[in-house]
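Peer 1: Okay, here's the structure, questions in a sec.
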Amino acid sequence: MVELPFSSPLDYEHLVACDAPGEAHWFVFRGDELLVEMGPMERPSDDLRVKARPAWAKLPLQKNHNWLGTVAARTLYLGRLAGTQCWAAELPEKAEAPAGMAWAGLRAL
């Protein structure tokens, strides 16, 4: 089977309702920025618009949405990836990143 570049991972299960909220990966956006736990900026970028790329970046893995520190404009349950729930949330433009996390443009990642 040929895997297309924008296809879902094989272990992703699209769902529209969450039976029992628990630990989840969070895709949290503030405008065009994504909230990530980010490693040191040490890799040179191959994109002239981005000075450096982080050594690593990962989505927050949290038990509920209370860790956001602000009220989300909206949340959306996405489903499960390898058994772990996935949520998306939109925060206001002026929302601060929680401790240990940073806002990053998708190009920089």
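Peer 1: Hey, among the residues in the range 40-92 that are of a type in the set (A, V, I, L, M) and touching a Cys at 6+ places or on another chain (Cβ under 9 Å), which one's modelled with the highest pLDDT? Give the derivation first.
Peer 2: Narrowing the range 40-92 to residues of a type in the set (A, V, I, L, M): 41, 48, 50, 52, 55, 57, 59, 61, 68, 71-73, 76, 78, 81-82, 88-89, 91.
Pick out the ones that are also touching a Cys at 6+ places or on another chain (Cβ under 9 Å) and you get 59, 78.
On the way: Leu59: 89, Leu78: 94.
Checking each candidate, the answer is Leu78.
Peer 1: I'd like to know if the range 101-108 contains one or more residues that are surrounded by 18 or more Cβ atoms within 10 Å (Cβ to Cβ), touching a Lys or Arg at 6+ places or on another chain (Cβ under 9 Å) and at pLDDT below 90.
Peer 2: Checked the range 101-108: at least one residue is surrounded by 18 or more Cβ atoms within 10 Å (Cβ to Cβ), touching a Lys or Arg at 6+ places or on another chain (Cβ under 9 Å) and at pLDDT below 90.
Peer 1: When you look at Pro54, is it in contact (Cβ under 8 Å) with a residue 24 or more places away in the chain and within 23 Å of Arg107 (Cα to Cα), yes or no? Write out each step before concluding.
Peer 2: Details: in contact (Cβ under 8 Å) with a residue 24 or more places away in the chain: yes; within 23 Å of Arg107 (Cα to Cα): yes.
Answer is yes for this residue.
Peer 1: Among the strands (runs of 3 or more DSSP E) lying completely within the chain, list those that include at least 1 residues that are in contact with a strand residue (DSSP E or B) (Cβ under 7 Å, 6 or more places away or on another chain) and β-branched (Val, Ile, Thr).
Peer 2: Fully inside the chain and qualifying: 24-30, 33-38, 74-81, 84-90.
Peer 1: May I pose another question? Could you list, in sequence order, the residues of the range 57-89 that are buried (at least 16 other Cβ atoms within 10 Å of the Cβ) and among the basic types (Lys, Arg)?
Peer 2: Answer for the range 57-89, where residues must be buried (at least 16 other Cβ atoms within 10 Å of the Cβ) and among the basic types (Lys, Arg): just Arg80.
The values are calculated or read from the model by the stated rules, or taken from the named source; none is laboratory data. Here the structure is a predicted model, which is why all the values come from computation and not from measurement. Here Cβ is always computed from backbone atoms with ideal geometry, including for glycine, and neighbour counts include all displayed protein chains.
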